[in-house]
1. Once you place label points 7 Å from the Cα toward the Cβ at Q390 and N270, how far apart are they in nm?
2. Y501 to N136: FRET efficiency via 1/(1 + (r/R0)^6), r the Cβ-Cβ distance, R0 25 Å, to the nearest 0.05?
3. Under the rule of -39500 (n - 2.57) per DSSP H run of 4 or more residues, summed and divided by the residues of the chain, what mean residue ellipticity at 222 nm is obtained, to the nearest 500 deg cm²/dmol?
4. Given a 1.4 Å probe and the protein chains all in place, what does the accessible area of D476 round to, in Å² to the nearest 10?
5. Give, in nm to one decimal, the length gained when the segment between D476 and N447 is fully stretched (0.36 nm per residue of separation minus the Cα-Cα distance).
6. Which value in Å does the Kirkwood hydrodynamic radius of region 443-493 take, with 1/r averaged over all unlike C-alpha pairs and then inverted?
7. Hey, got the dipole for the chain? About the Cα centre, +1 on K and R Cβ, -1 on D and E Cβ, debye to the nearest 20?
8. What whole-number value in Å² describes the accessible area per residue of the chain for a 1.4 Å probe?
Amino acid sequence: MVEVTLKPYDMFVDGEWVSAESKATFDVINPATTEVIAKVPKGGTEDAEKAVDAAREAFDKGRWPRMAPGERAGIILKLADLIEQNIDRLALLETLQQGKPIKLSRDSDFPFAIDNTRFFAGAARCLEGKASTEYNGVATSIIRREPIGLVVTITPWNYPFMMLAWKAIPPLAAGNTVVIKPASVTPLTTLEFAKLTEEAGFPKGVVNVVTGPGATLGESLVTNSKVDVVGLTGDTLTGRRIMELASGSVKRVQLELGGKAPFIVFDDANLEAAAEGAVVGGYVNSGQDCTAATRLYVQEGVHEKFTQMLVERVKKIKLGDPQSRDTDLGPLVSEAQRHKVEDMVASGMSEGAKLLTGGKRPTLLTPFNKGFYYEPTLFIDAKQDMRIVQQEIFGPVLTALPFKTSDEAIEKSNDILYGLASSVWTTDIFKAMKVAGQLKFGCVWINDHLPLVSEMPHGGYKQSGFGKDMSTYTFDDYTDIKHVYVDLTNDARKSWHYTVYGPQ
Ligand code: NAD
């Protein structure tokens, strides 16, 4: 069994390990047991400024943006190797701070983050602008793609390391420098990442990690005029706030925000596969997943049968020790998150939805009886306008609603402020493609739910945000396009000068 020795952590600024200027710290808690597992600096405005100054200097004067892409790629590939060498320890640390089952962190989050890191090391070597031919006979043009500068990366707590890889590696690979702020409840693996960047040979100031509250430290980073781009994965409300703050200095923002994915089951679907898909896609990571299949729309002829199949499968889900490979569902990340889930379930019940299963805290043995666990929950008889259908719960709570026709399923699926992910379950590929074309979501899965790959873009429509994570599309968010115009005549008097002064 891998052991993790937890010690007080420092932050990583300008290549140095430092405490907060105020010397304040905050506790990191294991949500499965509520034990304090680490102390982390509580950074504030001064710490934000130091990190920004370091990253600015590293971008404006340092080697990183000026290196050949192949040299940068070499360092990023070394980082990927180091993550891989430390995978057991890092995955355990992720599970300790976040509560997710070890099989999810060890066999999914980390391998995917490593794959992502390797993908971007290579992809950034293929960035190209075009050089046009002598388009008007007297000049030529070169389109250059350049790193923008200093990117602030703000990450959430649901997939701390995976989101870090999605958000910080692409800007780095493109030659930017970064200041990373992880979510306060899950900062540990991001601090471990900083250590690995040091070992991999990133020049000082290129990667900085500061820890502390979003409302103070986070806002100081977002409002700092030396920052060029803010990339956030987080709640839609946080995204709105960051857009507002970033407008003060016309910063670019890249926002991956909330979701409330529809999961449409037609009566000709492989119901076995759809039921497995709903349980896996709905309750993954205790439902704390922006793409989680939380709104099940089931064609009326199979609605009852399908929901009964779900209940049977839910009974087999194992809750318990996240460090055990037998555990399917860990706790929610925090007490606050469980309160939010309980409040939403209470609102569903008071509005008249019916619980088919779950809806309460489970009974578990010590020390997990103290943890923030919640049973996998399924509602039927919910109405489209209820809070449990319209708002992101971010817990293991699904609703199943019947529909009659494709048009009704599409209308109800799109009737939401989010637009991140969706899925369609049918054996009729023509129907599937017709529905996929009309769903207003950044991703439509057909007969599956959740798979993502480094080569394909992930991002929202509507209030799920804009910009893309993964794939080469993400470079559009972290590079500038520059037009360089080259005169080929060497004439003092160009053919068009007369339009400003003098004769033709
Ligand atoms: P959150 O918005 O509360 O926090 C995200 C990060 O933003 C944290 O680091 C937090 O400290 C920081 N933050 C909060 N307020 C801030 C402010 N005013 N200024 C600057 N920084 C601030 O989100 P969360 O609860 O950590 O994560 C869950 C949310 O993330 C859900 O809404 C989920 O859907 C979303 N999410 C989206 C995707 C996606 O790809 N679209 C992926 C994962 C999670």
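The values are calculated or read from the model by the stated rules, or taken from the named source; none is laboratory data. What you see is a predicted model, and the numbers here were worked out from it, not measured in a lab. Here Cβ is always computed from backbone atoms with ideal geometry, including for glycine, and neighbour counts include all displayed protein chains. For the accessible areas, the whole protein counts, side chains as well, though only heavy atoms, and no ligand, DNA or RNA atoms are used. Shrake-Rupley method; radii C 1.70, N 1.55, O 1.52, S 1.80 Å.
1. So the two model labels end up 3.7 nm from each other.
2. Approximately 0.75, to the nearest 0.05.
3. On the way: 15 runs with 174 residues, N = 504.
Mean residue ellipticity at 222 nm (helix-derived): -10500 deg cm²/dmol.
4. Only protein atoms counted, so the area is about 80 Å².
5. Here the answer is 7.4 nm.
6. One decimal place: 14.5 Å for the Kirkwood radius.
7. Values: 55 positive and 64 negative charges, 95 e Å.
So the magnitude is around 460 debye.
8. Working: 20840 Å² over 504 residues.
Value for the chain: 41 Å² per residue.
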